[in-house]
Ligand code: URP
Ligand code: ZN
Ligand code: ZN
């Protein structure tokens with residue numbers, strides 16, 4: 001009888017720490033052995049000339065999330081996870097979002113109903129806390145954290161989601177008590193509202209004015225304030241979708257002072273710019289996201305942050321709004337003011353190939369850094385490591401086998417999401433994941449989907465950060 005269900009032979013394996021040549025023996029969906037000359041397999045996958053990497057963890061994506069503006073996300077858990085898998089991702093963490101005035105537990109139950117029986121790869125949920133009422137802070141959130149929903153996002157902007165500073169302090173203090181990770185959307189809401197009002201009064205409502213309504217100082221100020229609030233409470237936080245060089249400076253400054261401030265960035269801040277947003281009509285609307293893509297001169301600062309350790313996490317922030325019908329970007333009409341265009345861009349499948357080709361392939365980041373940013377660090381920060389995010393004996397056999405020389409021209413027709421466009425149409429990349437395994441099962445091979453909806457499992461998670469040191473100020477909360 002074969003010792004292993006599958007042996008992946010002859011590949012070059014990379015983790016966040018090492019690059020090595022060895023075979024991988026897989027049994028019962030887990031990595032059972034790493035070694036030379038593993039021959040006792042019921043099945044073999046030849047990885048000669050290929051890289052074998054941990055499957056990606058997309059720690060920030062939006063899938064079938066109910067929206068308050070009448071728009072409907074195109075991707076459900078089947079199409080979203082299928083697209084993720086074909087892009088080399090094996091775990092996603094989308095958001096169960098509380099509606100103001102409603103229960104957080106109810107949002108989680110609803111989100112499970114949306115995911116049940118549909119996912120092709122494993123998934124966990126972050127929470128979005130939009131209404132930290134006594135009931136939420138006193139009962140629901142602590143109970144949900146104990147049940148394995150150990151991270152949540154809070155917003156400093158968007159009327160239907162935003163918290164004020166006092167509410168932020170309340171949730172940060174709770175995160176500290178319960179051992180949860182807080183993700184912060186950092187933009188100054190009053191500045192945005194003021195600028196938007198002035199722009200609208202002047203008739204400046206085309207997509208390019210979206211960027212003018214949310215300039216870099218708006219992100220910089222909120223990032224600094226988020227850092228300050230976290231310092232007061234003495235709690236690690238993660239600033240999500242960081243876009244501007246000025247916010248990067250704030251985070252670098254905080255990290256230099258020894259504060260545990262983690263940061264995430266996304267492909268749109270490396271590969272899109274205000275020029276894309278500046279296109280007329282739907283072409284510009286397709287690139288509306290918040291924070292907005294900045295000027296081209298800003299992009300090297302994001303690359304520097306990735307290479308230099310300011311960023312720990314590289315996520316897609318996949319927001320699957322169609323461009324060609326009234327369910328997505330056109331929900332408020334054909335030429336709506338930028339304020340009424342659903343925010344976000346699709347990118348769950350292109351996240352890893354873009355960073356691999358333009359980052360590893362062009363010598364901007366190392367292969368180990370790529371693995372850390374896209375798999376290992378999100379697994380650690382969000383309480384999934386070592387089950388996910390690495391290649392080690394005992395870990396789930398969540399693997400992506402890459403052809404590092406494969407030339408691919410991105411076209412939406414090649415992608416597996418349900419969105420009718422990609423903002424990266426026409427980009428020529430080198431390197432693509434050719435086989436993706438989830439718990440030892442091939443879920444995507446040469447662009448063909450092999451996984452079945454419903455095979456993906458929900459992942460309750462452990463505490464997200466080790467008990468922190470205490471300081472006098474924090475002890476009071
Ligand atoms: O524009 C964006 N990023 N849309 C998705 C929602 C969010 O704030 O992450
Ligand atoms: Zn956000
Ligand atoms: Zn998002």
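Readers should treat all values here as calculations from the given coordinates under stated rules, not as data from a laboratory. Because the structure is a prediction, the values reported are computed rather than measured. For neighbour counting, all protein chains shown are included, and Cβ atoms are generated from backbone atoms with ideal geometry for every residue, glycine included.
Maximal additional length on extending the residue 160-residue 110 stretch stands at 16.1 nm, based on 0.36 nm per residue less the C-alpha distance.
Gain on full extension, evaluated as 0.36 nm per residue between residue 143 and residue 448 minus their Cα-Cα distance, stands at 105.7 nm. Subtracting the Cα-Cα distance of residue 134 and residue 255 from their residue separation scaled by 0.36 nm leaves 40.3 nm. Here the chain carries DSSP beta bridges of which approximately 50% are antiparallel, counting only pairs with both residues inside.
Of all DSSP beta bridges located in region 1-109, what percent are antiparallel, nearest 5? Taking every DSSP beta bridge with both residues in region 1-109, the antiparallel ones total about 55 percent. Rounded to the nearest 10 degrees, the inclination of helix 299-308 to the longest alpha-carbon principal axis of the chain is 50 degrees. For the chain, the 222 nm mean residue ellipticity estimated from helices alone, with every DSSP H stretch of n ≥ 4 adding -39500 (n - 2.57) and the total spread over all residues, rounds to -7500 deg cm²/dmol.
Against the chain, whose longest principal axis is taken from its Cα atoms, helix 189-201 shows a tilt of about 70°.
Computed from Cα positions, the angle between helix 165-178 and the longest principal axis of the chain comes to roughly 30 degrees. Over region 138-209, the ratio between the Cα radius of gyration and 2.2 N^0.38 Å evaluates to 1.48.
Where the alpha-carbon atoms of region 1-137 are placed on the principal axes, they occupy 60, 30, 29 Å, in descending order. For region 217-342, pairs of C-alpha atoms spaced more than 19 angstrom apart make up 52 percent of the total.
With all pairs of different C-alpha atoms in the average, the Kirkwood value for the hydrodynamic radius of region 379-464 is 15.1 Å.
Evaluate E = 1/(1 + (r/R0)^6) for residue 1 and residue 366, where r is the Cβ-Cβ distance and R0 equals 35 Å; express this FRET efficiency to the nearest 0.05. Mind dumping the intermediate values first?
Numbers: r = 40 Å, r/R0 = 1.16.
E between residue 1 and residue 366, to the nearest 0.05, is 0.30.
Label sites at residue 194 and residue 40, each approximated as a point 7 angstrom past Cα along Cα to Cβ, lie 7.1 nm apart. Let me know the whole percent of all Cα-Cα pairs from the chain that are separated by more than 41 Å. The answer is 14 percent, as a whole percent. Could you work out the mean projected area of the convex hull around the alpha carbons of region 25-86, in square nanometres to one decimal? Taking a quarter of the hull surface, the average projection is 6.6 nm².
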